[in-house]
Each structure stands twice: as C-alpha cells, then as structure tokens.
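Trainee: My structure is below; once you've seen it, I'll send some questions.
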Amino acid sequence: MQPQLLFDITAYLAEAIPILGTHQGDRLIIYVTGGKFEGPKLKGEVLPGGGDWFLMRPDGVGELDVRIVLKTDDGEFIYVVYKGKAKSSKPGELPDWIRTAPTFEVSMKSKYAWLNAVQAIGEGSAIDGGVRYRVYETP
C-alpha cells in the first residue's frame, strides 16, 4: 500500500534568531507566523507561535526540530512535532529539499483522534518567507 496524501502545508516564518558557531554548528531559532494546510480529510490554518530549533551542522546538513499547532476549519487543535533533515546544493542558500517525520497529538474526543496513531512522512522545500510540504500518511 502506498502512502496517502494527508495534507499540503505552507508555513510562514519570522526572521531567524541566529546562535552561530556553536560546537554543534549554527543554531537558528525560527518562529512560525502563520500558514495553512489542506488535504482530503482535514484543512485549516497553521497558528503563529510554533517554531523550528534548526541546526546547520558543519557538514552542510540541516536538522529540523519543529513544534507547531494546527487549527482545523471546524475549530479542532492538532499539536504536530517533527524532526527532519534539509540540504542545499549550494552552501549558504535555502534548502533544495526537506524531509520530515511528523507525529500528531489530538484530543481523544476529537473526530481527528485517528491522527494519534499516524506516523507521517513529509517532503518539501523552502519558499520565499517560509516552507511548503506534502505530508503523507504511512500505511
């Protein structure tokens, strides 16, 4: 069985807070300012206030550490956490590709409680002022 599209998501980002030259690499704390998501089973907005505690390693690979909150169009909240990797073909430029592994936390009383059992995968890239992903539900 193939992974099924869960949703497309676009998140807009504030200017990064740089903590450069650490022993692990360059840390960039990047807050989410908003966005939207839409798929066959759910849609809504990305709430401001989440963020990415991004680390650019000395080998040129970026590590994502993201926590965001989605609000569905019918008023339900979904907490999303994911790690991932990002890479640019040109050092110092935006990533050409991003791969993520989102998990979800939703009220057990919600009609979206089924997301609590989903391990998703995502692929995307940086866009001007943010990021865009396609997120898939794994079988």
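Trainee: Kindly evaluate GLU76 against the criterion of being in contact (Cβ under 8 Å) with a residue 24 or more places away in the chain and either aliphatic (A, V, I, L, M) or more than 25 Å from GLU15 (Cα to Cα) (or both). Before you say what the answer is, go through the steps one by one.
Mentor: Working: in contact (Cβ under 8 Å) with a residue 24 or more places away in the chain: yes; either aliphatic (A, V, I, L, M) or more than 25 Å from GLU15 (Cα to Cα) (or both): yes.
It is true that GLU76 is in contact (Cβ under 8 Å) with a residue 24 or more places away in the chain and either aliphatic (A, V, I, L, M) or more than 25 Å from GLU15 (Cα to Cα) (or both).
Trainee: Assess whether SER88 counts as being polar (S, T, N, Q) and crowded, with 17+ Cβ neighbours inside 10 Å. It would help to see each step written out before you state the result.
Mentor: Numbers: polar (S, T, N, Q): yes; crowded, with 17+ Cβ neighbours inside 10 Å: yes.
Considered against the rule, which asks whether it is polar (S, T, N, Q) and crowded, with 17+ Cβ neighbours inside 10 Å, SER88 comes out as yes.
Trainee: Quick check on segment 1-32: of everything there that is of a type in the set (S, T, N, Q) and free of Cβ contacts under 8 Å to residues at least 60 places away in the same chain, which residue is farthest from ALA86 (Cα to Cα)? Give the derivation first.
Mentor: Residues of segment 1-32 that are of a type in the set (S, T, N, Q), as a first pass: 2, 4, 10, 22, 24.
Next, from what is left, pick out any that are free of Cβ contacts under 8 Å to residues at least 60 places away in the same chain: 22, 24.
Working: THR22: 19, GLN24: 16 Å.
Result: THR22.
Trainee: Can you report the number of residues in segment 14-72 which are over 26 Å from VAL118 (Cβ atoms) and not in a strand (DSSP E or B)?
Mentor: Within segment 14-72, residues that are over 26 Å from VAL118 (Cβ atoms) and not in a strand (DSSP E or B) number 13.
Trainee: Can you run down the residue pairs with Cβ atoms below 7 Å, 6 or more apart or on separate chains, where the first is in segment 112-137 and modelled with pLDDT of 95 or more and surrounded by 16 or more Cβ atoms within 10 Å (Cβ to Cβ) and the partner is outside any strand (DSSP E or B) and of a type in the set (Ser, Thr, Tyr)?
Mentor: Close Cβ pairs (under 7 Å, with a partner that is outside any strand (DSSP E or B) and of a type in the set (Ser, Thr, Tyr)) amount to ALA120/THR138; ILE121/THR138.
Trainee: Does segment 75-133 hold any residues that are under 19 Å from GLY51 (Cβ atoms), over 11 Å from the mean Cα position of the chain (by Cα) and part of a loop (DSSP other than H, G, I, E, B), and which are they?
Mentor: Listed by number, the residues that qualify are LEU94, PRO95, ASP128, GLY129.
Trainee: Any idea how many residues of segment 69-112 are more than 30 Å from ASP59 (Cα to Cα), among the aliphatic types (A, V, I, L, M) and touching a strand residue (DSSP E or B) at 6+ places or on another chain (Cβ under 8 Å)?
Mentor: 4
Trainee: Another one. Given the residues GLY62, GLY75, GLY51, which is the only one that is small (Gly, Ala, Ser), crowded, with 16+ Cβ neighbours inside 10 Å and at pLDDT 95 or above? Before you say what the answer is, go through the steps one by one.
Mentor: Numbers: GLY62 fails: at pLDDT 95 or above; GLY75 fails: crowded, with 16+ Cβ neighbours inside 10 Å.
Result: GLY51 is the single residue among GLY62, GLY75, GLY51 that is small (Gly, Ala, Ser), crowded, with 16+ Cβ neighbours inside 10 Å and at pLDDT 95 or above.
The values are calculated or read from the model by the stated rules, or taken from the named source; none is laboratory data. Small disclaimer: the values here were computed from a predicted structure and weren't measured. For neighbour counting, all protein chains shown are included, and Cβ atoms are generated from backbone atoms with ideal geometry for every residue, glycine included.
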